[in-house]
Amino acid sequence: MAVIPGPDTPREPRDPVLEETAAGWLVRQDRGLTPAEQDEFLQWLAARPEHREALDRHRQLWQRFNALDRWRPAHSATPNPDLLARRPSRRPLWLLPSAALAAAAAVALIVLLGDAPAPASTGPLALEATAYRREILPDGSVLELNRGAHAVVQFSPDERRVLLAHGEAQFAVTKDPRRPFVVRAAGVDVRAVGTAFHVRLAGEQVEVLVTEGRVRLSPPRPAPGNAGAEPPAPLVELGAGQRTVLAPGPSLTRPPVLPASPAEVARLQDWAPRMLEFDGTPLVEVVHAFNQRNAVQLVVADDPLRALPIVATIRSDNLEGFVRLLEATLGVRAERSEPGVITLRTTR
């Protein structure tokens, strides 16, 4: 006789090693996987159906934590009961009460990389970034675009190619020795197999920073069908921790290879979303941090609000969540009287 499981039916004990591994992958993907880690993650995900189930289970677990994401003990002794009401999971606020929950927040950022292998060829995909944009490409590589960037992705059986027409982008490339990954910016090809690097196109200059692996810069290769044309000689090769700046033109010359100091790396990557931590920080300083990283700008209209202490841990791209925090707990009124501007006023 078949047994229909009900609410009181004992469940199979879960494998603690599997649960810990799944949670670990979520945290690691939030801070960004290296190419080697991406390969390892895909192999782990495809090994057993239980792996994806464990990943989904941890994702659902974090969605329940969102019920308390707008309460901080520094703001009130007890959470607002309304915060315990179930909310749609499609708009997580990422306001975290502790560093431990900050790690768990990685769950809602996970983009599963598909159930079936990606096709070798894809049609051109044009990507416009009106705000920070993160894309998982068909091969599992990660492309991050800064606000205002424009890129076109074209994959073929022999090559993975991205044209950066404007702005700046970061790449974490999935290793595939059979198909090089090439980024073209202003007549310069940045070629990699599996690595992580940053390309910035501004005016007449191309800036390249390598954070992992190696990339090779060269003039564009001859167009297909140009029989007898030799591939151009590389201009320079960069390793991890190195950068270069060059001005493309009719006669490209070898650019300088410069060390990338921690300050340079921070400067080039500061636009990507990250966790912001405030511990009694004046509101005016918090607003400045958000305005540097978001198209929508905050304006503090009333002087008494400028020194309001803020205690929160929140992603830099979660401006709307931060505004809701101010409205719900700190007596701030948000006015949206014009596009792209939120004016903060006191309700008293």
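Quick look at the values:
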| read-out | value |
| --- | --- |
| Computed FRET value (nearest 0.05) for R28 with V245, which takes r as the C-beta separation and R₀ as 30 Å | 0.40 |
| A307 paired with A334, simple spin-label distance in nm, labels 7 Å along Cα-to-beta-carbon | 2.6 nm |
| Exposure proxy ranking, count of Cβ atoms within 10 Å, fewest first, for S337, S218, S141 | S337, S218, S141 |
| Difference of contour (0.36 nm per residue) and Cα-Cα distance, E40 to A266 | 78.6 nm |
| Pairwise label distance in nanometres, T130 with M275, each label 7 Å out on the Cα-Cβ vector | 3.1 nm |
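Bear in mind these aren't lab numbers, they're just calculated from the coordinates by the rules spelled out. Predicted, not measured: the structure shown is a model, and the values here were computed from it. Every residue, glycine among them, receives a Cβ derived from its backbone with ideal geometry; neighbour counts consider all protein chains shown.
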